[in-house]
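> For reference, the structure I am asking about is given below.
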Amino acid sequence: MSLTREEVIHIAQLARLELTDEEIERYREQLSAVLDHVARLQGLDTSGIPPTASVLPPRTVLREDEPRPALPRAEVLANAADAQDGQFRVPPVFGERE
Amino acid sequence: MQTVAQILHALQAGEISSREITADVLARIERLDPQVHAFLTVTPEAALQAAAEADRQRLAARRAGQTPPPLLGLPLAVKDVLSTRGIRTTCGSRILDNYIPPFDATAVQRLKAAGAIIVGKTNTDEFAMGSSTENSAYGVTHNPWDLERVPGGSSGGSAAAVAARMVPVALGTDTGGSVRQPASFCGVTGLKPTYGRISRYGLIAYGSSLDTVGVLTQTAEDAALFLHLMAGQDPLDATSMDVPRPPQRLEGREDLRGLKIGVPREYFTEGIQPAVARAVHAALDVMADLGAAIEETSLPHTEYAVPVYYLIATAEASANLARFDGIRYGPRAQAEQMWDVFFRTRGQYFGPEVKRRIMLGTYALSAGYYDAYYGQAQKVRTLIKRDFEEAFEQVDLIAAPVAPTTAFRIGQHSGDPLSMYLEDVFTLPANLSGVPGVSFPVGFDDLGLPIGMQLMGPHFQETRLLHAAHIYQQATDWHRHQPDLLAGD
């Protein structure tokens, strides 16, 4: 299983990662090797086997819908790179990525 | 450094104050950590202040005839993926370089409520992704038994801190072996509880269906106390289970009679270092002498644990780590458009292994590949889980090596991530099936490096395995050995 350069660029796009040319080539090689290894799963007959998403018994956990104090706003915003008037401040969100 | 049980006894008897033991811990960190680098953050002022307060509280309780909280005044280290209110929490990543959580993880909060004092945060592979602590953005931790070797990972800082006797106990997390494998490499005891036993709230998520909070100590007895204090349902984690808390003390058993221990043949393959197999078999002989019945068992899908884990864990990671985008926490790369802020921040501040796993997980979940990779991995996970259920119909516990080798050299696997992943083969199955495991020292190889063994049990049977480890530790002294680094200490 050998990934192409274009496939690596596509995955990075989905994952929102800006990669250098060198990284693209390195991940292409390393991920191809890992995919070769995981390919051994394909040989296993799993027809009729249900998937496991959680090891716990399936159950629904409910709680009362009661208001409770949120985290202290100043402490939360202190972690942000940019904040203003008690809110996160971000660059423009419209426009296309070049 | 004494064990937790000994320190608590001395505190209760008034033989030592919390200020004294905390100052001793801080002095050891100052003396040893420049060589070991187990800590990312140390909080001496806050710790000494809390210790003085603990001493006052103990005195007040004594005068009032009240019982003080069980851990009052005990120093503790916490792996840097667990949120600690007011204390920098980096996950070993530049992307959380300056992050100060506004809340405590539930496990941390419960220990603080029991009186424990945080002295610092320990090094970890970035976002707990790794088996050597080499993936930390803040430098590798050195194994106290041989400073040229890794301590294991990802809880390598916590394991090294306990092994070098800088602290009596440290919290870790175990998603694919990250408590048990470093415990094995560093010659300490490490408990990975059942999935759902301890709340994951405030554990910065890696693989949500696999993540567990665990503890590293010198003895199984100490691990039992911490399990007791951290366990229990939490409204802030819907996967935490409402089951009775395990007891604080390991009592009511003098030997291992009546206990059937299974040894899975798939764990003794040709890749295993001969010294590791020898030490594990010798430990089983001791357990047989203590009355346990040892028999061969089988976990036939063991060889699939590595591919299943590295698809499921990375898929979950790719979703969990989407939140790190430079907006709410961490540094932000500058750009005109927010779209570019996301790409650049993540590209610049995530390390190579984290990017690799996010890419792998994204691929496994992507259109056209989901069924073949992620879906198939979830089905094989069912087969691995059934292996354990079937084995536990025949035996009470499963005993196995923790890792195929002892601690490897720093840099030995660099540039070849797959070779590192393959080292995890013996620890991953417990996470995939959710069962508890405890790792504890059972000998040394020819180079004097510690060898660990793990016991695994059915869901929520931690006490059974801790008790067996405790009986073993009563009969042997491997867990009392200390690295030469401490000679003259």
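The values are calculated or read from the model by the stated rules, or taken from the named source; none is laboratory data. Just so we're clear, the structure is a prediction, and the values are computed from it rather than from any experiment. Virtual Cβ from ideal backbone geometry, glycine too; neighbours counted across all protein chains shown. With ligands, DNA and RNA removed, areas are computed over all heavy atoms of the protein, side chains included. Shrake-Rupley method; radii C 1.70, N 1.55, O 1.52, S 1.80 Å.
> Roughly how many Å² of A:F88 are accessible to a 1.4 Å probe, to the nearest 10?
So the heavy atoms of A:F88 present about 80 Å² to solvent.
> Something else about it: Have a look at A:P72, A:A12, A:A83 and report the one farthest towards the positive end of the charge dipole of chain A, computed about the Cα centre with Cβ charges (Lys/Arg +1, Asp/Glu -1).
Going by the Cα projections, it comes out as A:P72.
> Taking θ = phi - 60°, what integer Hz values does the Karplus form 6.51 cos²θ - 1.76 cosθ + 1.60 yield along the stretch B:152-167, in sequence order, with x for Gly and Pro?
Using θ = phi - 60°, the values come out as x, x, 8, 7, x, x, 5, 5, 5, 5, 6, 5, 7, 6, 7, 9 Hz.
> At 1.4 Å probe size, put A:I9, B:I327 in order of accessible surface, largest to smallest.
Highest to lowest solvent-accessible surface, that is A:I9, B:I327.
> Here's another thing I want to ask about it. Report the charge-dipole magnitude of the protein assembly as shown in Debye, nearest 20, computed about the Cα centre from +1 at each Lys and Arg Cβ and -1 at each Asp and Glu Cβ.
So the dipole magnitude of the protein assembly as shown works out to roughly 1440 debye.
> So, with a 1.4 angstrom probe, what is the percent of accessible area on chain B that is carbon and sulfur?
48 percent
> Shifting gears a bit: Per residue, how big is the convex hull of chain B when only Cα atoms are used? Give it in Å³.
So the per-residue Cα hull volume is 142 Å³.
> Which values, in whole Å and largest first, are the semi-axes of the equivalent ellipsoid of the protein assembly as shown obtained as the square root of 5 times each eigenvalue of the Cα gyration tensor?
35, 31, 22
> Take chain A, drop everything but the C-alpha atoms, weight them equally and run the Debye formula without solvent; then report log10 I(q)/I(0) at 0.13, 0.17 Å⁻¹ to two decimals.
The calculated log intensity ratios at q = 0.13, 0.17 Å⁻¹ are -0.96, -0.96.
> While we're here: Convex hull volume of the Cα atoms in the stretch B:154-270, per residue, in Å³?
That works out to 147 Å³ per residue.
> Using only atoms on other chains, find how many Cβ atoms lie within 10 Å of each Cβ of peptide B:156-167 and report the average.
The per-residue average across the peptide is 0.
> Give the average, rounded to an integer, of partner chain Cβ atoms located within 10 angstrom of each Cβ in A:81-88.
2
> Which of B:V402, B:V354, B:I384 sits farthest toward the positive end of the charge dipole of the stretch B:339-413, with +1 on the Cβ of Lys and Arg and -1 on the Cβ of Asp and Glu?
Sorting the options by dipole projection puts first B:V354.
> Tell me what chain B gives for mean residue ellipticity at 222 nm when only DSSP H runs of n ≥ 4 count, each as -39,500 (n - 2.57), the sum divided by the residue total, rounded to 500 deg cm²/dmol.
When only DSSP H runs of four or more count, the value is -12000 deg cm²/dmol.
> Another question, then. Starting at the first residue of the stretch B:319-333, write each ³J(HN,Hα) from the Karplus equation 6.51 cos²θ - 1.76 cosθ + 1.60 with θ = phi - 60°, in whole Hz, x for Gly and Pro.
Per residue, the Karplus-derived 3J(HN,Hα) values read 7, 4, 8, 5, 6, 8, 9, x, 9, 8, 7, x, x, 10, 6 Hz.
> Can you divide the C-alpha Rg of the stretch B:196-348 by 2.2 N^0.38 Å and report the result to two decimal places?
So the stretch B:196-348 has a normalised radius of gyration of 1.49.
> In debye, nearest 20, what is the charge dipole magnitude of chain B about its Cα centre with +1 on Lys and Arg Cβ and -1 on Asp and Glu Cβ, if you could check?
For this selection, approximately 1340 debye.
> Could you pull out every residue, at least 5 positions away or on a different chain, whose amide H is within less than 5 Å of the one on B:V169? Hs are placed 1.01 Å off N in the peptide plane, and Pro or chain starts have none.
Correct list: B:A77.
> What list of ³J(HN,Hα) couplings, whole Hz, do you get for the stretch B:389-395 from phi and the Karplus terms 6.51, -1.76, 1.60, once you set θ to phi - 60° and write x for glycine and proline?
Using θ = phi - 60°, the values come out as 4, 5, 5, 6, 6, 9, 10 Hz.
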